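Single-structure report; data block below.
The values are calculated or read from the model by the stated rules, or taken from the named source; none is laboratory data. The structure displayed is predicted, hence computed values, not measured ones. Note that each Cβ is placed from the backbone with ideal geometry, even for glycine, and that neighbours are counted across all protein chains shown. Areas reflect the complete protein model, heavy atoms only, side chains present, ligands, DNA and RNA absent. Shrake-Rupley method; radii C 1.70, N 1.55, O 1.52, S 1.80 Å.
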Amino acid sequence: MNLSDAILEALVSTLPAEGFKPLHEPCFEGREWEYVKECLDTGWVSTAGKFVDRFESMLQEFTGARRAVAVVNGTAALHAALALAGVEAGDEVVMPALTFVATANAVAYIGATPHFVDCEESSLSMNSESLAARLEAVAEIRDGACVNKETGRRISAVVPMHAFGHAADLDGLLDICGRYGLVMVEDSAESLGSYYRGRHTGLFGLMGILSFNGNKTVTTGGGGAILTNDEALADRAKHVTTTAKLPHKWEYVHDRVGFNYRLPNINAALGCAQMEVLPDFLARKRRLAEAYARAFDAVNGVRFVTEPEGRRSNYWLNALLLDEDLADLRDEVLEKTNAAGVMTRPAWTLMHRLAMYQDCPRGDLSVSESLERRLINIPSGPKLHG
Ligand SMILES: *Cc1c(COP(=O)(O)O)cnc(C)c1O
């Protein structure tokens with residue numbers, strides 16, 4: 001049997017027999033209707049209401065973050081977090097080339113420049129050795145600031161992203177950030193329910209962010225959150241994401257240029273119902289990943305990506321990696337599986353290949369480029385496994 005037939009067979013044998021198998025569809029089996037109806041019945045659908053506070057408390061309880069600030073989407077969370085972390089126009093922000101475009105866009109919104117480094121094959125996430133090598137090559141400390149000698153720009157932050165829910169090497173990355181005086185903000189949009197040495201992702205840097213888009217592990221329709229253990233920073237995050245309005249009985253006084261990024265109550269209502277079933281979703285997704293691991297163990301030429309040593313993954317989007325010498329077969333696999341009703345997708349186009357980021361500074365990206373050629377995402381939603 002050829003490779004694409006063997007992959008399709010392994011997928012079909014693992015997934016439910018009937019129906020189209022999407023990559024990650026939302027699953028509403030809890031109290032979603034009840035909570036959303038309550039918003040409509042009471043009129044509390046928009047910028048105020050109890051579900052926002054409740055959703056934030058649930059996020060805090062689940063992740064262990066001292067504070068969670070709910071916002072309209074993950075991109076907005078990252079934009080606000082980077083601004084709060086002190087990233088300014090003209091700075092550079094280091095991030096993996098293998099990420100969803102939102103990571104780079106949030107940096108560009110500030111007027112800063114993304115600077116790309118490589119990822120590790122085990123976690124598909126930012127490689128601390130690539131970060132160290134790149135900084136070693138281009139960075140120097142001038143008057144206490146980390147500066148890129150080649151561009152003259154300040155490097156102010158590092159944004160690792162936990163790809164498909166596999167935690168990056170956070171100890172290694174934090175160590176390097178410490179050496180160069182760089183602040184770390186984690187793009188943990190994909191890693192709700194993923195842990196590094198027992199602690200939830202998003203809590204290692206100054207801030208982390210989550211996304212509740214429709215294809216993420218839990219959804220609020222659209223939504224996001226900033227996580228932090230710094231109370232004062234959380235207060236500022238709440239303030240700047242709610243138009244920076246000073247509390248007053250009737251006057252509209254705003255003390256800086258704020259963002260209208262607050263999560264509407266109706267979306268938070270959906271989020272509360274989803275958080276109630278998150279542990280069940282994670283358990284089902286883990287069982288699906290275990291079933292995939294067994295099915296693909298027997299298929300030569302392809303590896304099912306599993307959680308790295310010492311890290312616990314949420315298996316947000318499961319991924320296959322074709323052997324390097326079989327990368328040419330990727331499109332055939334994509335064609336055959338999608339034609340059979342099993343949705344599969346290649347990795348994101350690497351950031352430095354996108355027109356708006358092609359001239360950004362970057363280090364060696366050979367692992368990212370190899371992964372881009374060989375990676376295939378496969379169906380991963382909680383509905384696919386009991
Ligand atoms: C989903 C995602 C985001 C945020 O997406 P939104 O759609 O704005 O919520 C950011 N970064 C990564 C890596 C993501 O996967």
Centre separation in Å (Cα based) which lies between the stretch 6-23 and the stretch 98-152: 38 Å
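Using a 1.4 Å probe over the heavy atoms of the protein chains, calculate the carbon and sulfur portion of the accessible area of the chain as a whole percent. Before the final figure, lay out each step's value.
Details: 7860 of 15750 Å².
Carbon with sulfur: 50 percent of the solvent-accessible area.
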Heavy atoms of Tyr35: accessible area, 1.4 Å probe, square angstrom to 10: 10 Å²
Of Val147, Val117, Ala298, farthest towards positive along the dipole that unit charges on Lys, Arg, Asp, Glu beta carbons give the chain: Val147
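Would the stretch 19-77 count as rounded, prolate or oblate if I go by the C-alpha gyration tensor, calling it rounded below 1.5 in a/c and otherwise prolate when a/b exceeds b/c, oblate otherwise? Let's see the in-between values first.
On the way: a/c = 1.79, a/b = 1.15, b/c = 1.56.
Oblate.
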Probe 1.4 Å - accessible area at Arg362, Å² to nearest ten: 100 Å²
Electrostatic dipole magnitude of the stretch 148-235 [Cβ: Lys, Arg +1; Asp, Glu -1; Cα centre; debye, to 20]: 200 debye
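Ranked from the most accessible area to the least, with a 1.4 Å probe and all protein chains present, what is the order of Glu56, Glu88? Display every interim value, and only then the final one.
Details: Glu56 15, Glu88 110 Å².
The ordering from most to least exposed comes out as Glu88, Glu56.
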Fraction of antiparallel bridges per DSSP, the stretch 32-275 only, in percent to nearest 5: 60 percent
Heavy-atom SASA rank of His248, His239 (probe 1.4 Å, accessible area, largest first): His248, His239
Residues in the stretch 341-379 that a label on Arg294 would reach, taking backbone N under 20 Å of a point 7 Å out along Cα→Cβ: 378-379
Hydrodynamic radius (Kirkwood) for the stretch 168-217, which is based on Cα pairs only, to one decimal in Å: 11.5 Å
Residue with peak Gaussian network fluctuation, the chain [Cα springs, cutoff 10 Å], from Arg179, Arg287, Arg54: Arg179
Separation between Cα centres of the stretch 282-307 and the stretch 224-264, rounded to whole Å: 42 Å
Overall form of the stretch 187-278 per C-alpha gyration tensor (a/c, 1.5; a/b vs b/c): oblate
For the chain: relative contact order, % (alpha-carbon pairs under 8 angstrom, 6 or more apart): 26 percent
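Per 0.36 nm of contour for each residue apart, how much would the distance between Phe259 and Tyr109 grow if the chain were fully extended, relative to their Cα-Cα spacing?
Values: separation 150, 0.36 × 150 = 54.00 nm, distance 1.24 nm.
Here the segment from Phe259 to Tyr109 would lengthen by 52.8 nm.
Cα gyration tensor of the chain, axes a ≥ b ≥ c as square roots of the eigenvalues: rounded (a/c below 1.5), prolate (a/b > b/c) or oblate?
oblate
Between Lys249 and Asp53, 0.36 nm times their residue separation minus their Cα-Cα distance comes to what?
Values: separation 196, 0.36 × 196 = 70.56 nm, distance 2.06 nm.
Using 0.36 nm per residue and subtracting the Cα-Cα distance, I get 68.5 nm.
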Listed residues Tyr261, Tyr357 arranged by accessible area, highest first, probe 1.4 Å: Tyr261, Tyr357
Residue-level accessible surface for Val117, protein heavy atoms, 1.4 Å, Å²: 0 Å²
